[in-house]
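Novice: Structure incoming, see below.
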Amino acid sequence: MTFVNIFEEQLFILVNSATYTELKLQVQVGAFVYRFGQYLRELRKQRNLTINQLALYSGVSAALISRIENNQRSNPKPDTLKKLASALKISYEELLLYAGVLSEQPNKATSKPSTLKPVDSTWYERQVPIPVLGSIRAGTPVEMLALNSSEFILVDSYILGNHEGFALEVVGDSMNGDYIFDGDIAIIKFTSNFSPQDICVVAINGEEATLKRVKCQGDICILTPSNPTMEPMVYDATLVHVIGVVVEVRRRFKSR
């Protein structure tokens, strides 16, 4: 079994852990809460109503309406939705649909359609948690990262394609020519497929890791930094294993 196979196996175990599963559930629930809260706010504003006015007309407390709109309350009760629908002059069935109580479109023959479209929550729904596995040297290789992370961050699943993902904190300045700086968080797509233009997470001899562009020629691989003051590193091709490629970089500002 190659080093990459071992890494893939251990990463699979991590992303199928109880912590990861719970985070995915929270994200899915959050997507629903976000969608309905935004929809209710848009609907209220379209009717030129304040929260207090909607509370007065519907009999639903202003505090509860505020919690729903601010994504702090999920699964509003049908009775609450019925009161809101009456005050907002929208069919009860349509509000049930957007609240997730109904899974099908309301009967057009018996319910008045609304011209208001639901808020697009596609971006929110695509968010998936990935583990932050520690740090990686953007310079000379360092001891291989450990797969024992308890920290997760959310990323857009679109950038990962059909691959697993993980994140690493960058240490060093060898990739600053690509505006990747010390302390940045690199989002990695787990794959051994890469092009010379990709910035890769590279394992050296299965024990050290670094962030570089990789070009293999015959029995050697050249690891190239983007910092013009640093020289490329040359290794035997059998010692070089690409674990993944960088698909996004995030900056964390350190508090003083």
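Novice: If you scan the stretch 63-81, which residues turn out to be surrounded by 15 or more Cβ atoms within 10 Å (Cβ to Cβ) and outside any loop (DSSP other than H, G, I, E, B)?
Specialist: Once the filter is applied, which keeps residues that are surrounded by 15 or more Cβ atoms within 10 Å (Cβ to Cβ) and outside any loop (DSSP other than H, G, I, E, B), the stretch 63-81 yields 64, 65, 66, 67, 68, 69, 80, 81.
Novice: Of everything in the stretch 180-200, what is under 19 Å from residue 157 (Cα atoms), touching a residue at least 60 places away in the same chain (Cβ under 8 Å) and among the hydrophobic types (A, V, I, L, M, F, W, C)? Give them in sequence order.
Specialist: Listed by number, the residues that qualify are 185, 186, 187, 190.
Novice: Please find, within the stretch 167-184, the residue that is surrounded by the fewest Cβ atoms within 10 Å (Cβ to Cβ) out of those that are in contact with a strand residue (DSSP E or B) (Cβ under 7 Å, 6 or more places away or on another chain), of a type in the set (Asp, Glu) and not in a helix (DSSP H, G or I).
Specialist: 182
Novice: Search the stretch 159-186 for residues being within 22 Å of the chain's Cα centre (by Cα) and within 26 Å of residue 238 (Cα to Cα), and hand back the single one that is modelled with the highest pLDDT.
Specialist: Of everything passing the filter in the stretch 159-186, 186 is modelled with the highest pLDDT.
Novice: Within the stretch 83-104, count every residue that is modelled with pLDDT of 85 or more, assigned to a helix (DSSP H, G or I) and of a type outside the set (A, V, I, L, M).
Specialist: Number of matching residues: 2.
Novice: If we scan the stretch 210-217, do we find a residue that is more than 19 Å from residue 155 (Cα to Cα), without any contact (Cβ under 8 Å) to a residue 40 or more places away in the chain, of a type in the set (Val, Ile, Thr) and touching an Asp or Glu at 6+ places or on another chain (Cβ under 8 Å)?
Specialist: yes
Novice: Taking the stretch 218-255 only, how many residues are within 27 Å of residue 159 (Cβ to Cβ) and either in a strand (DSSP E or B) or aromatic (Phe, Trp, Tyr) (or both)?
Specialist: Here the count works out to 16.
Novice: Could you say whether any residue in the stretch 186-198 is assigned by TED's automatic domain parsing to the domain that holds residue 135, touching an Asp or Glu at 6+ places or on another chain (Cβ under 6 Å) and in a strand (DSSP E or B)?
Specialist: yes
Novice: Is one or more of the residues making up the stretch 114-122 within 21 Å of the chain's Cα centre (by Cα), acidic (Asp, Glu) and either at pLDDT 65 or above or surrounded by fewer than 16 Cβ atoms within 10 Å (Cβ to Cβ) (or both)?
Specialist: Yes, the conditions are met somewhere in the stretch 114-122.
Novice: Go through (1) surrounded by 12 or more Cβ atoms within 10 Å (Cβ to Cβ); (2) outside any strand (DSSP E or B); (3) basic (Lys, Arg) and name the single condition residue 213 misses.
Specialist: Failed condition: (2).
Novice: Another question, if that's okay. Identify the residue in the stretch 53-78 that is charged (D, E, K, R) and at pLDDT below 85 and, among all such residues, is farthest from residue 37 (Cα to Cα).
Specialist: 77
The values are calculated or read from the model by the stated rules, or taken from the named source; none is laboratory data. Computed from a prediction, not measured in an experiment: that's the story for all the values here. Counting neighbours? That spans all protein chains shown, and the Cβs are built from the backbone with ideal geometry, glycine included.
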